[in-house]
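Here's the structure, in structure tokens; my notes come after.
The values are calculated or read from the model by the stated rules, or taken from the named source; none is laboratory data. Nothing here was measured: the structure is a model prediction, and the numbers come from that model. Cβ placement follows ideal geometry from the backbone for every residue including glycine, while neighbour counts extend to all protein chains displayed. The area values use the complete protein model at the heavy-atom level, side chains included, leaving out ligands, DNA and RNA. Shrake-Rupley method; radii C 1.70, N 1.55, O 1.52, S 1.80 Å.
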Amino acid sequence: MTSSGAPDEPADFRAAVESLHAARVRREIEVGPIRPPQRLAPYSYAVGAEVRPPDDADIVPTDSQGSAFGRLILLYDPAGQDAWNGTIRLVAYLQAEVEAALAMDPLLPEVAWSWLSDALGVPVGESATPEESSSRVVVTALGGTVTSTTSVRYGDIAGPPRAHQLEVRASWTALSSHGLDGHLEAFCDVLASAAGLPPAGVTQLGTTT
């Protein structure tokens, strides 16, 4: 993951992109650069992430069809934007297939948002990292939505008759161009939770016959 290296790229933007390189994500998640949006900010960069089996080493496609995938977009505006309360904005989107019982749980949106809040070190119901926090990332102006949907397939369409998806859309402002590896790691933590992966370092036992 690298920026274009163009001479007109501001140093802070290059530093922000480069800081993503230090991110350490669990082996079940494949991360790679994707095409960023062009009109949201003067400078932008994006990565895609997808939960895959350990032996699947294919490149992450721009439009993934995996059971759990997402993208994290880095926006940089040297002049800043009032809504951002800063110059660096991160925009996250993830989608994951979930089981019917979980999809029907009325508390699913609150639980999913708590995954993101916890990963970013922001108390649920708040929009910024507390000043006294020891969180690995510091953010402000956090906001977003959580959507749970059910799709019913009819006719000659492959796939299960019913599918349930969880979508999380969020954005927040990073207070520094350095340390964005922690933001990407937090995003991947949320993706892992949405995909139902066990906690990092925990081996999930297979079924026995």
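Things to note:
- Sorting 81-90, 142-151 by their mean Cβ neighbour count within 10 Å, with the most densely packed peptide first, gives 81-90, 142-151.
- Calculated FRET value between Q38 and E126, using beta carbons and R₀ = 30 Å, to 0.05: 0.40
- Where labels lie 7 Å past Cα in the beta-carbon direction, separation of E110 and A11 in nm: 4.8 nm
- Solvent exposure of segment 75-120 amounts to 49 Å² per residue of accessible area, where only protein heavy atoms count and the probe is 1.4 Å.
- Only the Cβ atoms of Lys and Arg (+1) and of Asp and Glu (-1) were treated as charged; on that basis the dipole of segment 77-192 about its Cα centre amounts to roughly 300 debye.
- Theoretical FRET efficiency, 1/(1+(r/R0)^6), r = Cβ-Cβ of S133 and L102, R0 30 Å, to 0.05: 0.50
- Among the protein heavy atoms, those of E9 account for about 20 Å² of accessible surface (1.4 Å probe, every chain in place).
- Projecting label points 7 angstrom from Cα along Cα→Cβ for L175 and E18 puts them 2.3 nm apart.
- Accessible surface, 1.4 Å probe, highest first, among residues R136, R52, R24: R24, R136, R52
- From the Kirkwood radius over Cα pairs of segment 67-161, Stokes-Einstein at 37 °C and 0.692 mPa s returns a whole-number translational diffusion coefficient of 206 µm²/s.
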